[in-house]
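Undergrad: One structure, as structure tokens, below. Some questions next.
The values are calculated or read from the model by the stated rules, or taken from the named source; none is laboratory data. Note that the coordinates shown come from a computational prediction; the quantities given were computed from them, not determined experimentally. So basically every Cβ, Gly included, is an ideal-geometry build from the backbone, and we count neighbours across all protein chains shown.
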Amino acid sequence: MLPGIHGVVRDITEKIKLEYQLKESEARYRDLFENADDPMYTIDNQGFFKSINNAGYRILGASKKEITGTHISKWLTPESLESAKQRIKKHTSSETVMNR
């Protein structure tokens, strides 16, 4: 075997392009979420806020920091909480959730 340098060349242009497109798509989604006119939020399976948009925290009258990580029951009326519990249960059981 001859002494020397061996290497592998791989064209990663497509991978870089796809990563850039993904970052742009995520930024557009984040902007839509944050600046939507309607309140939007994500919660975990136990009902704790993971995120909330600008309209959501304005309606609740608190900062994102005050809301994120708290349980949804802290912010809802008893009637709304019962509805939310049913929706969470349906979502976690893979049932179809209908908007009312």
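Undergrad: Only residues in region 60-89 that are of a type in the set (Lys, Arg) count as the first member; pair them with residues that are at pLDDT below 90, Cβ under 9 angstrom, at least 6 apart or cross-chain, and list the lot.
TA: Listed by first residue and then by second, the contacts come to 85/47; 87/97; 89/95.
Undergrad: In this structure, does residue 29 turn out to be over 15 Å from the mean Cα position of the chain (by Cα), among the hydroxyl-bearing types (Ser, Thr, Tyr) and either part of a helix (DSSP H, G or I) or at pLDDT below 95 (or both)?
TA: So residue 29 does not fit the description; no.
Undergrad: Next up: Are any of the residues in region 49-56 at pLDDT 95 or above and exposed (fewer than 13 other Cβ atoms within 10 Å of the Cβ)?
TA: Yes, some residue in region 49-56 is at pLDDT 95 or above and exposed (fewer than 13 other Cβ atoms within 10 Å of the Cβ).
Undergrad: Applying the selection to region 2-48, what residues are exposed (fewer than 12 other Cβ atoms within 10 Å of the Cβ) and on the phi > 0 side of the Ramachandran plot?
TA: Selection gives 4 alone.
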